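Just below is one structure, and these are the notes that go with it.
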Amino acid sequence: MKKSQYLIFAVFVGIQSFLLQLVDQLIGTHLVPGGHSGFVFIAFQGWALYFLLGSSVKGAVKGFCGYVLGIVFAVIMIGMPAVLPDLKLLTVPVVALIVVPFMMYFEFAPWCISNVAVFFVGAGAFFGINSYVEGIRIWQSAGIVLLYCVFGLASGWMSIVFRKRITEVHQVYEQAGNVNEIK
């Protein structure tokens, strides 16, 4: 991509970022009792994952499925200490010792649920929201994480589509002799 095109692309990505922040301010406060915003970090994680998973719709599906399984494993980890209450200080470490090796075996699962790294990102976002939003319920946390994950994955997809379109348009103008190259 040439510098002349890159400025247009960079501004587009800036507008996307602006819109994600605005959406978070407008809807984030209505997703939990008492209002709260600050969930946009999950969208930015999803956006980055779109690129890390190959910048494709198939990668986005893998990312979304990974977030779902990350949430499932996080819920299991939240619930298991009730089964092992006598371990006190060792409860959470023992739960991790039980759950994480099981998670790791998903590397051998079908393509859409085989990226274990995404499980950790999804679980981390879920744990994060549960840690800083008072009174939030598990289903609310899961819904917020998945909604913002979709925002991020969609932003990644739009970035790629826009970048390809700019390049195509620029090539057409170049072939017609209407574009001066900026160095």
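The values are calculated or read from the model by the stated rules, or taken from the named source; none is laboratory data. Small disclaimer: the values here were computed from a predicted structure and weren't measured. No Cβ is skipped: glycine too gets one built from the backbone with ideal geometry, and neighbour counts run over all protein chains shown. Only protein heavy atoms, including side chains, enter the accessible area calculation; ligands, DNA and RNA are left aside. Shrake-Rupley method; radii C 1.70, N 1.55, O 1.52, S 1.80 Å.
For the reader, a short list of remarks on this structure follows.
- A count restricted to region 134-159 and to residues that are over 17 Å from Gln45 (Cβ atoms) and of a type outside the set (Asp, Glu) stands at 6.
- Residue in region 30-47 that is at pLDDT 90 or above, over 16 Å from the mean Cα position of the chain (by Cα), more than 30 Å from Val169 (Cα to Cα) and part of a helix (DSSP H, G or I) present: no
- Under the condition of being of a type in the set (D, E, K, R) and in contact with a helix residue (DSSP H, G or I) (Cβ under 8 Å, 6 or more places away or on another chain), the residues counted in region 71-95 number 0.
- Positions within region 131-161 being part of a loop (DSSP other than H, G, I, E, B) and in contact (Cβ under 8 Å) with a residue 60 or more places away in the chain, in sequence order: Val133, Glu134, Gly135, Ile136
- Complete set of residues in region 14-31 that are surrounded by 16 or more Cβ atoms within 10 Å (Cβ to Cβ) and of a type outside the set (S, T, N, Q): Leu20, Val23, Asp24, Gly28, Leu31
- Residue that is least open to solvent (accessible area, probe 1.4 Å) [pool: residues in region 63-95 that are farther than 17 Å from Gly124 by Cα and of a type outside the set (A, V, I, L, M, F, W, C)]: Thr91
- Residue among Ala117, Ala60, Ala43 that is under 28 Å from Glu134 (Cβ atoms) and among the small types (Gly, Ala, Ser): Ala43
- Filter result (touching a helix residue (DSSP H, G or I) at 6+ places or on another chain (Cβ under 6 Å) and assigned to a helix (DSSP H, G or I)) within region 52-63: Ala60, Val61, Lys62, Gly63
- Residue match in region 171-178 (condition: out of contact with any Asp or Glu (no Cβ under 9 Å at 6 or more places or on another chain), loosely packed, with under 13 Cβ neighbours inside 10 Å and β-branched (Val, Ile, Thr)): yes
- In region 1-11, residue nearest to Lys164 (Cα to Cα) [restricted to those that are assigned to a helix (DSSP H, G or I), open to solvent by 50 Å² or more (accessible area, probe 1.4 Å) and of a type outside the set (A, V, I, L, M)]: Tyr6
- For region 84-121, filtered to residues that are in a helix (DSSP H, G or I) and not hydrophobic (A, V, I, L, M, F, W, C), the residue that is nearest to the chain's Cα centre (by Cα) is Glu107.
- Single residue of Ile113, Ile136, Ile144, Ile98 found to be of a type in the set (Val, Ile, Thr), crowded, with 18+ Cβ neighbours inside 10 Å and over 30 Å from Val11 (Cβ atoms): Ile136
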